[in-house]
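Participant: Submitted below is the structure of interest, expressed as structure tokens.
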Amino acid sequence: LKPIVDENEGNNIIGYLLISRNLKDYTKQFNNIIFTNLLITFLLLLFAFIIASQMQKIISQPILNLSAVVKKISENKDFSLRIEQRGNDEVGHLIDGFNEMLDIIEKQNNELISSKDEALRLAQAKQQFLANMSHEIRTPMNAIIGMINLLINTPLNEEQKEYLNHIHLSANNLLVILNDILDISKIESGKIIFEKNRFNLNDTLDNIKKLFEPVKLEKKLNFFLEKKSDVPSFWIGDQVRLNQILINLVGNAFKFTHQGTIKLEVSSLP
């Protein structure tokens, strides 16, 4: 409502102007616009969701499958699993490479399993062989030692007794070495137990000297064995092992010496 003024009459109000308009159509049109925009937005979101889902199948799903297969392999150690390759893009090349790697690992794993089975079979064969050889070798050695014991008790001169005692000691040493070789538990554990018995070192050295006397005469070599005066005669230890070490040491000396002198000197450490 707006008044109408007559300026010639001193701005007197001569009437009123009323303009009326119905906004119902504008409101309806505005609502239609909003609804249309919302519908378009919803359709765009739906379209984006569909596109994203398809992209996931193309890109994300193979990677998820790859991750799932890796997890199964890690848990079950089953290298026969493979991933289905569905494309020739970068992800497809990655899957191809992973499958090729699984082929190599499976082949190597099968070879390791085969090698392990073969090693177990050979180990069992070794144990069976050693068990059989244990009886085959120990029996005649025990018979030899028994006959030596019987022979010692027969009438002999002093030189024969001395030689026989050296043979008896060497036979006992050989039997101990055979027992160590044929003892499966010691072979597998890699341990040899050293004895702690009182023994006379002079007897051990005298046995070494008598044992290599024939070799010395055959190769025409000089062989001297000297024990320093400050070295005690009686010791606590493994006489058999010490005798074995000395035999190997002197034996190698005779093996690689063709002329000259071999000397075994026993002295105390400073």
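The values are calculated or read from the model by the stated rules, or taken from the named source; none is laboratory data. This is a predicted model, so every value here is computed, not measured. Backbone-built Cβ (ideal geometry, glycine too); neighbour counts: all protein chains shown. The accessibility values were calculated without ligands, DNA or RNA, using every heavy atom of the protein model including side chains. Shrake-Rupley method; radii C 1.70, N 1.55, O 1.52, S 1.80 Å.
Participant: Check region 15-26 and report whether any residue there is of a type in the set (F, W, Y), modelled with pLDDT of 80 or more and assigned to a helix (DSSP H, G or I).
Facilitator: Within region 15-26, the subset of a type in the set (F, W, Y) is 16, 26.
Add one more test, that the residue is modelled with pLDDT of 80 or more, and what stays is none.
Looking through region 15-26, none of the residues is of a type in the set (F, W, Y), modelled with pLDDT of 80 or more and assigned to a helix (DSSP H, G or I).
Participant: Please list, ordered by first then second residue, the pairs with beta carbon atoms under 6 Å, 6 or more apart or interchain, first in region 255-269 and open to solvent by 70 Å² or more (accessible area, probe 1.4 Å), second not in a helix (DSSP H, G or I).
Facilitator: Pairs found: T261/N222; K263/F224; E265/E226.
Participant: On to the next question. Considering L201, L205, L174, which residue is modelled with pLDDT of 75 or more and closer than 19 Å to I148 by Cβ? Walk me through how you get there before you give the answer.
Facilitator: Working: L201 fails: closer than 19 Å to I148 by Cβ; L205 fails: closer than 19 Å to I148 by Cβ.
Just one listed residue meets the conditions, L174.
Participant: Does at least one position in region 36-51 carry a residue that is part of a helix (DSSP H, G or I), modelled with pLDDT under 75 and more than 30 Å from E84 (Cβ to Cβ)?
Facilitator: no
Participant: Okay, next question. Out of all the residues in region 225-244, is one or more at pLDDT below 85 and of a type in the set (V, I, T)?
Facilitator: Within region 225-244 (the criterion being at pLDDT below 85 and of a type in the set (V, I, T)), the answer is yes, since at least one residue qualifies.
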